[in-house]
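Below: one structure, written as structure tokens.
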Amino acid sequence: MKSKILIIGACGQIGSELTFKLRQLYGHDQVIASDISYSNLDIVNSGIFEIVDAQNYASVKVCVEKYGIDTIYLMAAMLSATGEKFPMKAWDLNMQSLFHVLNLARAKFIKKVFWPSSIAVFGPTTPKEYTPQYTVMEPSTVYGITKQVGERWCEYYHNKYGVDVRSLRYPGIISWKTLPGGGTTDYAVEIYHKAITDGFYDCFLSEKTELPMMFMDDAIKATVDIMAASNDAIKIRSSYNLAAISFTPHEVAESIKTHLPDFRISYTPDYRQDIADSWPKSINDAYARQDWKWKHAFKLEDITKEMLLQLNKKYSAALKEFN
Ligand code: AKB
């Protein structure tokens with residue numbers, strides 16, 4: 001029998017691209033997109049869409065029963081920077097939504113769960129270079145705390161109740177279709193938009209802040225691959241380290257300048273600098289590469305080329321429509 005999939009948080013940066021990919025792979029009507037509001041019309045108008053409140057168990061369960069859902073991708077979350085402004089809201093959204101989905105799986109309404117974790121599970125006391133899977137984890141952001149606690153609960157539900165939950169510690173994700181919102185790594189998307197629209201970007205992180213990053217196509221591939229892997233291949237039920245590349249704002253700016261030589265950048269670090277400084281510079285993802293054969297494809301030069309090409313097209317099309 002074909003799997004019936006629900007994506008919660010389908011209007012967001014990763015949820016939207018995941019929705020398109022899963023529909024392409026598993027059939028248009030097999031994938032139900034949902035979110036708390038109609039905030040992304042490309043998604044809302046692209047197929048079956050439902051309003052689902054991830055913090056309300058009944059709201060999720062009604063949708064699961066309506067469509068006979070067996071797999072949930074829970075992509076709704078409050079990210080690191082917004083989480084520092086609204087700590088209790090971040091805690092409530094990130095934890096309640098996870099419990100609702102894990103409890104639906106425990107009660108056998110659904111069979112399989114994908115839940116994203118993040119490099120934010122690591123903190124200032126974690127080794128920064130090539131951070132291993134198993135290491136000191138003392139996150140200093142509310143977002144990081146929710147992700148670390150969430151990982152513990154995922155593993156617990158797997159061990160105690162046999163829940164098939166799979167998870168990845170995403171690095172910063174770079175994409176051109178949907179903007180990210182409220183993250184510390186968001187600069188690495190904004191910089192490309194500003195390069196096209198203004199030829200200038202004032203970066204909220206300092207020029208030497210190195211962070212782990214990944215192109216959206218790689219992130220989607222990792223998500224699809226871990227969910228398609230056999231049950232036996234998944235040895236880690238908390239969350240897998242996942243890596244592609246690492247770079248600093250200065251390095252992205254230099255890579256943009258190879259295409260747009262007049263591009264300028266300035267640096268005005270704000271409260272997000274402390275968050276970035278608490279995270280690893282690079283990640284060791286040997287377990288993902290070994291257990292389910294993870295391999296990334298995009299390097300910084302490839303990302304810059306693709307981002308500038310696609311954003312150029314997008315802004316030119318918008319201008320044409322306006323005129
Ligand atoms: C953020 O910056 O908060 C996220 C993340 C690294 O999880 N992009």
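Using only Cα atoms, find the angle between the long axis of helix 87-106 and the longest principal axis of the chain, and express it within 0 to 90 degrees, rounded to the nearest 10.
With both axes taken from Cα atoms, the answer is about 40 degrees.
Taking the Cα centre as origin and putting +1 on Lys and Arg beta-carbons and -1 on Asp and Glu beta-carbons, what dipole magnitude results for region 193-323, to the nearest 20 debye?
On the way: 17 positive and 20 negative charges, 68 e Å.
It works out to roughly 320 debye.
Give me the net charge of ILE8's neighbourhood, meaning all other residues with Cβ under 13 Å from the Cβ of ILE8; Lys, Arg count +1, Asp, Glu -1. Mind showing how you got there, number by number?
Details: positive: LYS61; negative: ASP35, GLU50, ASP53.
Summing Lys/Arg as +1 and Asp/Glu as -1 gives -2.
Assuming a strict under-30 Å limit between Cα atoms, what lysine pair count do you get for region 66-133 once near-sequence pairs (fewer than 8 apart, same chain) are dropped?
Summing the qualifying lysine pairs gives 9.
Could you pull out every one of the lysines with an alpha carbon less than 17 Å from that of LYS177, ignoring same-chain neighbours closer than 8 positions?
LYS21, LYS194, LYS221, LYS305, LYS313, LYS314
When Lys and Arg each count +1 and Asp and Glu each count -1, what net charge do the other residues less than 14 Å away from PHE215, Cβ to Cβ, add up to?
Values: positive: LYS21, LYS177, LYS221, LYS295, LYS299, LYS305; negative: GLU17, ASP217, ASP218, GLU301, ASP302, GLU306.
Local charge sum for PHE215: 0.
Between LYS313 and VAL44, what is the spin-label point distance in nm, taking each point 7 Å from the Cα along the Cα→C-beta axis?
2.5 nm
Nothing charged except the Cβ atoms of Lys and Arg (+1) and of Asp and Glu (-1): what's the magnitude of the dipole of the chain about its Cα centre? Round to the nearest 20 debye.
1000 debye
Would you work out what percent of the accessible area of the chain, with all protein chains in place, is carbon or sulfur (probe 1.4 Å)? Mind dumping the intermediate values first?
On the way: 7630 of 14160 Å².
Within the chain, the accessible surface is 54 percent carbon and sulfur.
Place the peptides 224-230, 54-60 in order of packing, highest mean first, counting for every residue the other Cβ atoms within 10 Å and averaging per peptide.
On the way: 224-230: 15.3, 54-60: 17.9.
Those peptides, ordered most packed to least, come out 54-60, 224-230.
So what's the angle, to the nearest 10 degrees on a 0 to 90 scale, between helix 216-228 and the longest Cα principal axis of the chain?
In the chain, helix 216-228 runs at an angle near 20 degrees to the longest axis.
Output the antiparallel fraction of DSSP beta bridges having both residues in region 166-323, as a percent to the nearest 5.
Percentage antiparallel, nearest 5: 25.
Along the charge dipole of region 5-171, Cβ charges K/R +1 and D/E -1, which of ILE69, ILE32, GLY47 sits furthest on the positive end?
ILE69
Once R0 is set to 30 Å, what does the formula 1/(1 + (r/R0)^6) return for the Cβ-Cβ distance between ASN103 and LEU25, expressed as a FRET efficiency to the nearest 0.05?
Working: r = 28 Å, r/R0 = 0.92.
Taking R0 as 30 Å, the efficiency between ASN103 and LEU25 is 0.65.
Against the longest alpha carbon principal axis of the chain, how many degrees, from 0 to 90 and to the nearest 10, is the axis of helix 13-26 turned?
60 degrees
How high is the relative contact order of region 1-42, given as a whole-number percent (alpha carbon pairs under 8 Å, six or more residues apart)? List each step's numbers first, then the result.
Numbers: 47 pairs, mean separation 21.1, N = 42.
About 50 percent, as a whole number.
Can you give me the accessible area per residue for the chain, using a 1.4 Å probe, in Å²?
Values: 14160 Å² over 323 residues.
For the chain, the solvent-accessible area averages 44 Å² per residue.
Quick one: Cα centre-to-centre distance for region 132-185 and region 65-80, in angstrom?
15 Å
Could you work out the relative contact order of the chain, using alpha carbon pairs under 8 angstrom and six or more residues apart, expressed as a whole percent? Please list the in-between numbers first.
Details: 635 pairs, mean separation 57.0, N = 323.
Relative contact order here is 18 percent.
If we sort 181-191, 21-31 on the protection proxy, mean other Cβ atoms within 10 Å, highest first, what's the order?
Values: 181-191: 21.9, 21-31: 16.5.
Put in order of decreasing packing, that is 181-191, 21-31.
Let me test this: with uniform point scatterers at the alpha carbons of the chain, what is the Debye-based log₁₀ I(q)/I(0) at q = 0.06, 0.11 1/Å?
Results for the chain at q = 0.06, 0.11 Å⁻¹ read -0.19, -0.68.
Mean residue ellipticity at 222 nm from the helices of the chain, using -39,500 (n - 2.57) per DSSP H segment of n ≥ 4 over the full residue count, to the nearest 500 deg cm²/dmol?
On the way: 12 runs with 143 residues, N = 323.
It lands at -13500 deg cm²/dmol.
The values are calculated or read from the model by the stated rules, or taken from the named source; none is laboratory data. The model shown is predicted, which means the values in this text are computed figures rather than measured ones. All Cβ positions, glycine included, derive from the backbone under ideal geometry; neighbour counts span all protein chains shown. Accessible surface areas use protein heavy atoms only, side chains included; no ligands, DNA or RNA. Shrake-Rupley method; radii C 1.70, N 1.55, O 1.52, S 1.80 Å.
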